[in-house]
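The values are calculated or read from the model by the stated rules, or taken from the named source; none is laboratory data. Fair warning: this is a prediction, and the values are worked out from it, not measured in the lab. Quick reminder, even Gly has a Cβ in these numbers, built from the backbone with ideal geometry, and neighbours come from all protein chains shown. Note: accessible area is taken over every heavy atom of the protein model, side chains too, but ligands, DNA and RNA are not part of it. Shrake-Rupley method; radii C 1.70, N 1.55, O 1.52, S 1.80 Å.
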Amino acid sequence: MSGILVRNAFVIDPIKRISGEVMDIAIRDGWVVEDAGPDPVVIDASGCLTLPGGIDSHTHVCGTKVNFGRYMSPEDMRAGRTARRGVMHVTSGYSVPTTFGNSYRYSAMGYTTLLEGAMAPLEARHTHEEFTATPHQDMLANTLFDGNWSVMEAVRDRDIKRVAAIVAWTLSAVKGFAIKLTNPGGTEAWGWGQDVRGIHDQVPHFGVTPAEIISAMIEANEILRLPHSVHLHCNNLGVPGNYRTTLATIDLVPDLNPLRQSLYLTHAQFHAYGGSTWRDIDSRAEAICQAVNGKPIVMDMGQVMFGRTTTMTADGPMEWKLYMLHHNKWSNHDVELETGSGIIPVYYSRKSLVNCVMWAIGLELALLTNDPWQCLLSTDNPNGAPFVKYPEIIALLMSRRYREQEGTLLDPRTSHRTAIFSIDRELSWEEIAVMTRAGQAKALGITGLGKGHLGVGAAADLAIYPLDPDGIDPAVQVQEVIAGFSRTKYTIKRGRVVARDGEVIVEGANATIWSRSDVPSQYDMGQDPAFTEKFSQYYTVRMKNYPVQEAYLPRGVCIRTEAAL
Amino acid sequence: MKVVDVVCPFCGCLCDDLVVEVCDEKVVKVENGCTLASEKFLGDHRLQSPILREGFGWREIGYEEAISVAADILLAADLPLLYGWSGTHGEAQSVGVHLAEVLGGVIDNTSTVCHGPSILAIQEVGHPGCTLGQVKNRADVVVYWGANAIEAHPRHMSRYTTFTQGFFVKDAHLARTVIVVDTRRTETAEIADEFVQVEAGYDYEILSALRAIVRGREDVISGAVGGVAKTQLIRVAEICKRAKFGAIFFGLGLTMSAGKHKNIRNAIELVEELNRHTKWTISPMRGHWNVYGSNEVFTWISGYPFAVDFSRGIAFYNPGETTSVDILRRGECDACLVVGSDPGAHLPRACAAHLAKIPTIQLDPHVNATTHLATLQIPVAVSGIDAEGTAYRMDGVPIRVQKLVETKFPDDTEVLSAIYRRVREVKGQ
Ligand code: SF4
Ligand SMILES: [Zn+2]
C-alpha cells in the first residue's frame with residue numbers, strides 16, 4: 001500500500017497540543033509516520049480543518065436491543081432508505097439505521113471509532129456479529145454488570161477481589177471492553193416488575209444497594225487496571241428530582257487513577273432534573289457541573305434534539321415508565337442473571353416544556369463544565385437524538401446567536417426553568433475537537449492504541465472537514481458549520497481514504513477492541529465451584545457455549561493488563 | 001469420541017446440553033436430546049452430489065458447474081425469490097441478503113408461513129419479552145396458548161419452564177401453575193393445572209375478555225365467551241394477577257387461527273395490562289432452530305425481519321405483497337433459490353406449483369419434497385453436524401452450533417459465497 005501525504009492541513013490535535021497549525025501529515029501502512037515513502041498519494045487539505053478521526057464514547061448501534069429497535073419499527077426503516085450504490089450496501093432507518101447505514105453515516109461525519117453503550121454478556125455474540133457488519137469503525141463494547149448475580153453476591157460478601165475476578169472472566173469471555181452499570185440493582189428488581197429508587201435502596205433478594213455495587217465496581221476496575229473507568233448510567237434516569245441521586249453518586253467516587261477519570265457518567269442530561277413532577281421539572285445542570293468540576297469524573301451530554309427518535313436502554317424499568325407517559329409501543333427484554341432492556345419510540349417536541357428543558361440541560365452541561373475534557377459530546381444515540389444531529393449540536397455550542405434563534409421556537413417558559421439563554425460561552429474549534437475525539441480517547445484509555453491524536457505513531461484515522469477556521473466565524477456562520485461537520489472532504493481510516501464528500505468508497509475492515517485482565521489462577525472463575533454452578537443450575541446456556549469464539553473477532557485488538565490481585 | 005454440550009439444530013429451543021458420540025466421522029449416539037434431536041443427528045441420509053434436471057431425469061454434476069448454473073439462473077431472472085433460511089446458520093443468511101441485494105430480488109424466510117403475524121403485531125405494539133432463563137428462575141405462572149410444546153418443542157418444559165427448578169422456584173412442580181389454552185385437549189393440556197378449551201376461532205374474544213377482567217370490567221362479559229365459562233375466565237385472570245412472574249408462550253394455534261396478527265396484538269396488550277399489576281412477559285414459540293436468526297440477520301442488514309424486496313434498489317417491505325406466499329401465488333417470481341427449508345412440503349399447493357414451473361435451485365443436504373420441484377439441487381453440509389455457525393434461540397440468545405465431524409460437503413456459506421462472487425463478477429461489481 002502506497003503512503004498518503006496530507007498537505008497543508010489546518011490541524012487541531014489537543015492531545016499533542018497542536019491548536020490550529022498548518023502542516024503536512026504523512027501516513028503509511030495505517031499509521032502516522034515521519035515520511036510517507038516514495039510517490040505517496042497527495043491529498044490537498046489546504047483550508048480544511050483536520051482532526052483525528054471522531055470517536056463516539058457512548059452510542060447504541062449494535063446488538064440485541066438495537067436490532068429489536070429496527071425489527072419493531074418498519075416506520076423508522078422507511079424513514080431513511082438508500083439504494084445500493086458503488087461499494088455501499090442498501091441502508092434503511094433514520095433513528096436506528098441498519099449496521100451499514102450507521103457505518104456509512106458515521107464515516108461521512110468523520111467518525112472512525114465507536115463504543116457500543118450496552119452489551120448483555122449472554123447476548124454478546126450478537127453484538128460482535130453486528131460489529132463485523134459495521135465495517136468502517138473500530139468497535140468497543142461496554143459490558144453490562146448492573147444486575148449480575150455473581151457480582152452482587154460478591155459485593156454482599158464484601159469480597160472485592162472476587163468482584164474483580166468475575167469481571168475479568170466475563171470481559172474476556174464475551175470480548176467486552178469496559179464495565180457498564182445501567183441503573184445498578186434496578187434491572188434485577190425489574191425482574192419482579194420493581195425498581196430501586198435511590199442509591200441506598202436494597203436490591204430485592206440480594207442484600208446489596210446500588211451504592212455498594214457502584215463503589216465495589218470502581219475499585220474492582222482499578223484492580224484489573226482496565227483501560228476505561230466504570231461507565232455508569234445512574235439510577236433514576238429521567239425522573240424529576242433525580243439530580244440528587246446523581247450528586248449522591250458523584251460523592252461516592254474516589255480518585256484512583258492518575259491517567260484518567262475514576263467514573264464515567266453517561267448521558268448526564270437525563271440525570272440532571274430538578275422539581276418533583278413533570279409539571280415543575282427544571283434544570284440542575286449547574287449543580288451537576290459544580291460537582292463534577294475538578295473531580296475525577298468525565299461525563300457525556302446525552303443531548304436531546306427535537307424530532308422523532310427511538311429510546312433504547314438496558315434500563316427496563318425506566319422504559320416502562322416512559323411507556324406509561326407515551327403509550328406508543330413498548331418492548332422489553334430481560335436477560336437472565338445479568339440485566340434487562342427496553343425500547344420505545346418517542347417524539348421530542350418544541351411544544352413540550354419538558355422536552356425544551358431537556359434540550360437546554362444538555363447544552364448547559366457542556367457550557368458550564370469548565371474543562372471540555374470532562375463533558376463529551378453525545379446524544380446517547382439514538383436516545384436523545386440520532387447521531388446525525390451532532391453537527392447541529394456543535395453549532396449550538398459554538399454560537400450563542402444560534403441558541404437564541406432556537407429559543408424563539410421553544411416554549412417560552414424554558415428560560416425560567418433553565419439558564420441556557422443567559423450563558424455567553426461559545427466553544428472554540430479546539431474545545432469541539434476535545435469533546436468529539438481527544439476527550440473520548442483519553443476517557444476510554446485508548447490513546448496508547450494511537451487513537452484520538454495525530455502524532456507520529458498514531459493510528460491514521462483522520463477527518464478532513466471542508467471548514468476553514470481562519471475564514472469562518474462559527475458564532476455567525478451556523479449553516480456552514482453544520483454542513484462542514486456533516487460531511488468530511490475525506491475520512492481516512494487506518495491509512496485508507498474510506499469516505500469522500502459523504503460517499504463511502506471502499507469496503508471496510510474494522511477492528512474490535514477488547515480488554516483482558518490476567519488474574520492469578522486462584523482467581524480464575526472458570527474453575528470456581530460457586531461461579532460455575534451458576535451455569536449448570538440457573539443459566540440456560542452451558543458454560544462451555546457462553547464465551548464468544550475468536551471467529552467473531554476477525555480483527556480483534558486485545559488490551560491486556562495484569563490484575564493487581 | 002464423546003462431545004459434550006452439543007447444540008441441537010432442530011427446534012427453536014436450541015438445547016445446548018446434548019452429548020453426542022462420534023465414530024469414524026459419523027454421529028452414532030445422542031444423549032439428552034429428545035426424539036426429534038435423535039432423528040436429526042442419526043437419520044441423516046445425504047444426497048451425494050449436485051444434481052441437475054435433464055428431461056425426465058437427473059444428471060450428477062460437480063460443484064463448480066452447479067454454482068455457475070445457479071448463478072446463471074439467478075442472473076437471468078427478472079425477479080428471483082430467495083426463500084427459506086430458517087435451517088441454516090447466520091453467516092449463510094447474511095450472504096443470502098447481500099445476494100438478494102445484488103440481484104434486485106426478494107428474500108424471505110419461513111416466518112412468512114409461521115410467525116409472520118406475530119412480527120406484524122410486534123411492529124404495531126412492541127414486545128415485552130425476556131430470555132428463557134428469566135422464566136426458568138422466576139416464573140410461578142406459565143401459559144401455553146395455541147402451542148403444544150410437548151410435541152413441537154419437546155424439551156421446552158423440562159429445560160425452561162414447568163419441570164425445571166430455578167433460583168427463585170426451587171420446587172418447580174408445585175411452585176408453578178401451568179395454564180394451557182387450546183382448541184383441543186393436547187398432550188400439553190393434560191399436564192395443565194388449568195385447561196381453557198376455546199372454541200376454534202375465538203381466541204381474540206377470550207383475550208379481550210381477560211383484558212376486561214384484568215381492568216376490573218368483568219361486568220361487560222356475558223356468561224361464557226368462545227365456549228369458556230365466565231367463572232373460569234375470572235379464575236384465570238386472578239391467577240395471572242396474583243403471579244409474581246408470569247410468562248405466556250404462544251404458538252401457531254394463536255398466530256395462524258382466525259384473527260392472526262390481531263390475536264397476537266391482543267395477547268401482547270393483555271401482557272401490557274398485566275404489567276400494571278405484576279411482572280409478565282410473552283414469547284413466540286419459534287419453530288425451526290434458526291428461524292429467529294434469519295429475522296435478526298435480515299433486520300440488521302436490510303431493516304426488516306422478513307419479506308424484503310430489493311427490486312426497487314432500496315429495501316422495500318410490505319407483507320401481503322412482498323411475502324413469498326403472495327409472490328408465488330401471483331406467479332410473480334421467475335426463479336427461486338431455496339436454502340435451509342422445504343417449501344415443497346409446507347407452502348400452499350398453488351405456491352409449490354409455481355415453484356415447479358420456474359427454475360428452482362435448492363441448497364439442501366437431503367432429498368425432500370422440494371427436490372421434486374427443483375431444477376438443481378446442491379447438497380451442503382448440515383449446520384450443527386458438519387458445519388458451524390451462529391443460531392438465535394427463540395428468545396434471541398445467540399449460540400454457536402458446532403461442527404462435529406469432518407465432511408466432503410461445502411456448507412451453505414461457501415456455496416452461497418461462490419454464487420455471490422460469480423454474480424458480482426458477471427455484473428461487473
Ligand atoms: S427440544 Fe428441540 S432443540 Fe431441544 S433436543 Fe428437542 S428438538 Fe433439539
Ligand atoms: Zn446509552
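Mind checking which pairs have a first residue in segment B:8-19 that is in the same structural domain as B:Pro154 (by TED's automatic domain parsing) and a second that is part of a loop (DSSP other than H, G, I, E, B) and within 6 Å of ligand 1 (Cβ to nearest atom), Cβ under 6 Å, 6 or more apart or different chains?
Once the first residue is in the same structural domain as B:Pro154 (by TED's automatic domain parsing) and sits in segment B:8-19, no partner that is part of a loop (DSSP other than H, G, I, E, B) and within 6 Å of ligand 1 (Cβ to nearest atom) comes close enough.
Look at segment B:99-116 and say how many of its residues are part of a helix (DSSP H, G or I) and either surrounded by fewer than 24 Cβ atoms within 10 Å (Cβ to Cβ) or among the β-branched types (Val, Ile, Thr) (or both).
Total satisfying the criteria: 5.
Report those helices (runs of 4 or more DSSP H) wholly inside segment B:239-330 carrying at least 2 residues which are at negative phi, away from every other protein chain (no Cβ under 14 Å) and among the aliphatic types (A, V, I, L, M).
Hits in segment B:239-330: B:252-255, B:324-329.
From the list A:Val11, A:Val66, A:Val61, exactly one residue is in contact with a His (Cβ under 7 Å, 6 or more places away or on another chain) and either surrounded by 22 or more Cβ atoms within 10 Å (Cβ to Cβ) or at positive phi (or both). Which is it?
A:Val66
Scanning segment A:420-443 for residues that are hydroxyl-bearing (Ser, Thr, Tyr) and part of a helix (DSSP H, G or I), which turns out surrounded by the fewest Cβ atoms within 10 Å (Cβ to Cβ)?
Checking each candidate, the answer is A:Ser422.
Here's the yes/no breakdown for (1) more than 9 Å from chain B (Cβ to nearest Cβ); (2) more than 30 Å from A:Gly302 (Cβ to Cβ):
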| position | (1), (2) |
| --- | --- |
| A:Val22 | yes, yes |
| A:Pro38 | yes, yes |
| A:Ile43 | yes, yes |
| A:Phe68 | no, no |
| A:Pro74 | no, no |
| A:Thr91 | no, no |
| A:Tyr94 | yes, no |
| A:Thr99 | no, no |
| A:Ser103 | yes, no |
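Give segment B:334-348 a look and list any residue that's open to solvent by 50 Å² or more (accessible area, probe 1.4 Å) and within 14 Å of the chain's Cα centre (by Cα), or say none.
B:His346
Taking B:Gly259 as the residue in question, decide whether it is modelled with pLDDT under 95, more than 14 Å from the chain's Cα centre (by Cα), away from ligand 1 (no atom under 16 Å from the Cβ) and surrounded by 19 or more Cβ atoms within 10 Å (Cβ to Cβ).
Against the criterion (modelled with pLDDT under 95, more than 14 Å from the chain's Cα centre (by Cα), away from ligand 1 (no atom under 16 Å from the Cβ) and surrounded by 19 or more Cβ atoms within 10 Å (Cβ to Cβ)), B:Gly259 qualifies.
Tell me which residues, restricted to segment A:350-374, are within 18 Å of the chain's Cα centre (by Cα) and surrounded by fewer than 22 Cβ atoms within 10 Å (Cβ to Cβ).
Scanning segment A:350-374 gives a single hit, A:Trp373.
Kindly indicate whether any position in segment A:524-540 is away from every other protein chain (no Cβ under 14 Å), free of Cβ contacts under 8 Å to residues at least 24 places away in the same chain and open to solvent by 40 Å² or more (accessible area, probe 1.4 Å).
yes
Assigned to a helix (DSSP H, G or I) and within 11 Å of chain A (Cβ to nearest Cβ): which single residue out of B:Glu151, B:Glu91 fits that description?
Exactly one residue qualifies, and that residue is B:Glu91.
Pick out the one residue from A:Arg500, A:Arg487 that is within 27 Å of A:Cys62 (Cα to Cα), free of Cβ contacts under 8 Å to residues at least 60 places away in the same chain and open to solvent by 40 Å² or more (accessible area, probe 1.4 Å).
A:Arg500
Do we find a residue being within 16 Å of ligand 2 (Cβ to nearest atom) and not acidic (Asp, Glu) anywhere in segment A:272-282?
Looking for residues that are within 16 Å of ligand 2 (Cβ to nearest atom) and not acidic (Asp, Glu), one finds at least one in segment A:272-282, hence yes.
On the basis of being under 23 Å from B:Glu54 (Cβ atoms), open to solvent by less than 10 Å² (accessible area, probe 1.4 Å) and modelled with pLDDT of 95 or more, does B:Cys351 make the cut?
Taking the combined requirement at face value, the residue does not satisfy it.
With the structure loaded, tell me whether A:Thr112 is within 16 Å of ligand 2 (Cβ to nearest atom), of a type outside the set (A, V, I, L, M, F, W, C) and more than 8 Å from every other protein chain (Cβ to nearest Cβ) or whether it fails that test.
Against the criterion (within 16 Å of ligand 2 (Cβ to nearest atom), of a type outside the set (A, V, I, L, M, F, W, C) and more than 8 Å from every other protein chain (Cβ to nearest Cβ)), A:Thr112 does not qualify.
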